[in-house]
1. Using the alpha-carbon atoms, what tilt in degrees (0 to 90, nearest 10) does helix 75-87 show relative to the longest principal axis of the chain?
2. Taking the Cα atoms only, what angle lies between the long axis of helix 123-134 and the longest principal axis of the chain, rounded to 10 degrees?
3. Stokes-Einstein diffusion coefficient for segment 108-220 at 4 °C in a medium of 1.567 mPa s, Rh from the Kirkwood formula over Cα pairs: what value in µm²/s?
4. Give the separation of the Cα centroids, segment 13-35 to segment 182-214, in Å.
5. Highest GNM mean-square fluctuation, the chain, Cα pairs closer than 10 Å: which of PHE243, PHE222, PHE39?
6. Past 19 Å, Cα to Cα, is the threshold; run LYS207/LYS258; LYS70/LYS258; LYS41/LYS175 against it and keep the listed order.
7. Residue by residue, what Karplus-based ³J(HN,Hα) values in Hz, rounded to whole numbers, does segment 230-239 have, using 6.51, -1.76 and 1.60 with θ = phi - 60° and x for Gly and Pro?
8. Go from 0 up to the bin containing the longest alpha carbon distance in segment 173-215, width 5 Å each, and give me the % of pairs per bin.
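The numbers here are math on the coordinates, done by the rules we state, and not lab data. What you are looking at is a predicted structure, and each value in this text was computed from that prediction instead of being measured. Every residue, glycine as well, gets a Cβ built from its backbone with ideal geometry; the counts of neighbours run over all protein chains shown.
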Amino acid sequence: MSHEVPNVPYQPLIVKGENLGQTWENAVRMMMTQGYNRFVKAPEYQTWTKDSPMFITVENPMASPRLSPKAPITQSMADEYANSLINGHTNDKENSFEYTYYARLRHYPDCMIRAGAPHVSDEHQLKEYIHKVSQGKCVMQRLDQVEEVTKIFKKDPTRRTAVMHTWIPFRDLAKFTPERIDTSSPCLVIMHPQVVENKLHMNVVMKTNDLYSAWAGNAYAFSALQKYIADQLGIGVGHYTHFSVSMQVYEEVYEAAKGV
């Protein structure tokens, strides 16, 4: 059994590669040999995993192969996923989840009250501020974060505030409430592009990521978004860096992962 294998220290793993396909293979091999044996006990599944924080840097994410021939995803599946991330399919739900990355990135539901109240530090001040701004009502609007960061870079390519995020704290931190028993929160948390040397470099943070089954498709789509923004700016595509706080390979695919 996997839990009988001598364990290795729980520590961040660092992977580098020239293209997405090669780098995925490098990452899977490293996780299977150096990943921490961790038992996950969730209501919906209980299993052993190879699980460690992992930094992955791809030097040229647009170079071939962008998919390893050993990855469990086809070219057409990857292209469809990338298109849905950038352009959206409003009638679909990714993997039957109740959210999509397209919705969280390009139609993020933000409250105008919150935008002006970071200085408010107590409940009385908050109530006064809300009443002043909107007579006690939340004024919500949808925000296209991809469009906004593109505007930022067009005005000032050196700006370091072009951060896109998916997290809605009131909803995504409430896992054990009745409303969240059977729902999920986004694995993707932050996308932080930077323009340096006339190239758009993409930095991604995920709370958790299925390395064997999902990373290849995730990185393919996220780097496609990277190129989409770079094209809007008329610049090149730089490196792609992907950090998962909890990168894992599930026990059910250990043998397939070892085949990589």
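1. Around 10 degrees separate the two axes.
2. 70
3. Details: Rh = 17.1 Å.
Rounded to a whole number, D works out at 76 µm²/s.
4. 16
5. PHE39
6. Details: LYS207/LYS258 24 Å; LYS70/LYS258 11 Å; LYS41/LYS175 15 Å.
Over 19 Å Cα-Cα: LYS207/LYS258.
7. 4, 5, 4, 8, x, 10, x, 9, x, 6
8. Spelled out bin by bin, segment 173-215 gives 5, 17, 16, 17, 16, 13, 8, 4, 3, 1 percent.
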